[in-house]
Amino acid sequence: MTFPKDFVWGTATSAYQIEGGGLDFGRGECIWHRFSHTSGKVRNGDTGEVACDHIHRYPQDVAMMSQLGIDGYRFSVSWPRVIPAGTGTINQQGLDFYKRLIEKLHQAHITPYLTLYHWDLPQALQDQGGWENPDSVHWYTEYADLVSRELGSEVRQWTTFNEPFVSSIVGNLFGVHAPGKQDPVAAFTVAHHLLLSHGSAVPIIRQNVPDAQVGITLDLAYSRPYRPENTDDQIAARHFAILHNNWFLDPVFRGVYPADGIRWLEPLGALSNIDISEIGKAQVPIDFLGINYYTRHLAKATDANPMGYEFVRAEGNEHTALDWEVYPDGLLHTLLYVHNGYYPSKIFITENGCNYDDPKPANGVVDDPKRVAYYRQHIDAVEKAIALGVPVKGYFAWSLMDNFEWAEGYQSRFGLYYVDFATQERTPKKSALYYHDRISQERAKA
Ligand code: IFM
């Protein structure tokens, strides 16, 4: 088994999680700025105000990528950095930052993989209803048009959205992410507009960047019934899979919502604000599907939760610091499921990684054996999937460096590089050394 010669090895980050710089350089407020500055929303009251100070330190961060030996770097553009109020006036300083970053990447022979939306909606648009407002499709398309016109000459790889499940359902139904609502009607309205925005923006990006490769990134859950023979648990697992996976996969690849999802959600009133017949517009040709995979979910039926399921811990198995089960087979199953059911011509693993409470650096390195094991097992799973015919063309480790892990703040470390948030010093972890060596070995074999 080998990875193909042109396989892309990379790392991923996102704007609000690393850039910092507060509202300097003309950046407008985003929903995560507002949410994290609201007491009680983020662990330890952390915010993305400074984060990894990447806005100032990006040359050093690109140098770190070169040390790792990666081919590609996946990052996101902050919408309110380039259009502070979401629509209208453009912030040239914001655009210039991304131009400088992209230039540095090219100088280092690292291909930029640009994501247009990784959760940081301009607060000015949230004040007008955010993604619940049908105008959001036009707002987003305008934004995609601007960024692809401005950066398209230097960027070929475009992703419309990162994890629309999280920005719709986690942010508007579970309420633990910005904007922090707990309203099923809002959640499914947001999901609808995110999907329609994807469909509307792809042709615009293609028009502006004739050789563009355009796709979307979905976070796919491997959800199984806690008691495999129990029908209620089977339904619970299916419901979670609908919510997490098929509600997004089916529109993007088939132009419909899943029929069993509609049967489940319509009687709950969750779809009352959307016209499901419009969803055909979300199905436009794409060049790749990005998949983010982290863990397995064991679902158990319960009446205590309005959605009808809860999760059970798989005792005995390895879990990360956030208590996410380490389950590499789930990545293989997920890849096979998507390949056999939806036939994307190309798949990138756009995120995969784990969080542990790392020790402080000692002698210039951080010892993180569990993360090394996690990467080894998951990269092996990708290799198996490729051997079984799944067209996986790249793997992006999450994340380049420790950063602002949303509602979990800075306590939760996902990086290949350790960040001391008091001094901003970066130190490689042993997982970075492992990743570097694995990339070299795989290249030598290909
Ligand atoms: O940090 C996040 C990222 O922003 C989106 N995918 C999951 C990661 C880990 O939780």
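The values are calculated or read from the model by the stated rules, or taken from the named source; none is laboratory data. Keep in mind it's a predicted model, so treat the numbers as computed, not measured. For neighbour counting, all protein chains shown are included, and Cβ atoms are generated from backbone atoms with ideal geometry for every residue, glycine included. Just so you know, the surface numbers come from the protein's heavy atoms only, side chains and all, with ligands and any DNA or RNA stripped out. Shrake-Rupley method; radii C 1.70, N 1.55, O 1.52, S 1.80 Å.
Structure summary
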quantity: Looking only at segment 377-400, and only at residues there that are closer than 29 Å to Arg43 by Cβ and over 15 Å from the mean Cα position of the chain (by Cα), the one that is nearest to the ligand (Cβ to nearest atom); calculated: His378
quantity: One residue from Glu150, Glu103, Glu142 being open to solvent by 10 Å² or more (accessible area, probe 1.4 Å), touching a helix residue (DSSP H, G or I) at 6+ places or on another chain (Cβ under 6 Å) and either of a type in the set (D, E, K, R) or modelled with pLDDT under 95 (or both); calculated: Glu150
quantity: Residues that are touching a strand residue (DSSP E or B) at 6+ places or on another chain (Cβ under 9 Å) and more than 14 Å from the ligand (Cβ to nearest atom), drawn from segment 1-29; calculated: Phe3, Pro4, Asp6, Phe7, Val8, Trp9, Gly10, Gly28, Glu29
quantity: Options Gly180, Gly199: the member that is over 15 Å from Trp79 (Cβ atoms) and open to solvent by 10 Å² or more (accessible area, probe 1.4 Å); calculated: Gly180
quantity: Listing of helices (runs of 4 or more DSSP H) fully contained in segment 27-121 that carry 3 or more residues being touching a residue at least 40 places away in the same chain (Cβ under 8 Å) and within 22 Å of Trp9 (Cα to Cα); calculated: 54-68, 92-107
quantity: Tally of residues being of a type in the set (Phe, Trp, Tyr) and in contact with a Ser or Thr (Cβ under 7 Å, 6 or more places away or on another chain) across segment 48-73; calculated: 1
quantity: Residue in segment 264-279 that is at pLDDT 95 or above, within 30 Å of Arg149 (Cβ to Cβ) and touching a strand residue (DSSP E or B) at 6+ places or on another chain (Cβ under 9 Å) present; calculated: no
quantity: Residues that are among the small types (Gly, Ala, Ser), open to solvent by 10 Å² or more (accessible area, probe 1.4 Å) and part of a helix (DSSP H, G or I), drawn from segment 359-404; calculated: Ala373, Ala387
quantity: Total residues in segment 405-422, condition small (Gly, Ala, Ser), within 12 Å of the ligand (Cβ to nearest atom) and assigned to a loop (DSSP other than H, G, I, E, B); calculated: 3
quantity: Within segment 281-329, considering residues that are surrounded by 20 or more Cβ atoms within 10 Å (Cβ to Cβ) and among the small types (Gly, Ala, Ser), the one nearest to the ligand (Cβ to nearest atom); calculated: Gly290
quantity: Close pairs from segment 352-367: first under 26 Å from Pro328 (Cα atoms) and free of Cβ contacts under 8 Å to residues at least 24 places away in the same chain, partner open to solvent by 50 Å² or more (accessible area, probe 1.4 Å) and more than 15 Å from the ligand (Cβ to nearest atom), Cβ under 9 Å, at least 6 apart; calculated: Pro359/Asp367
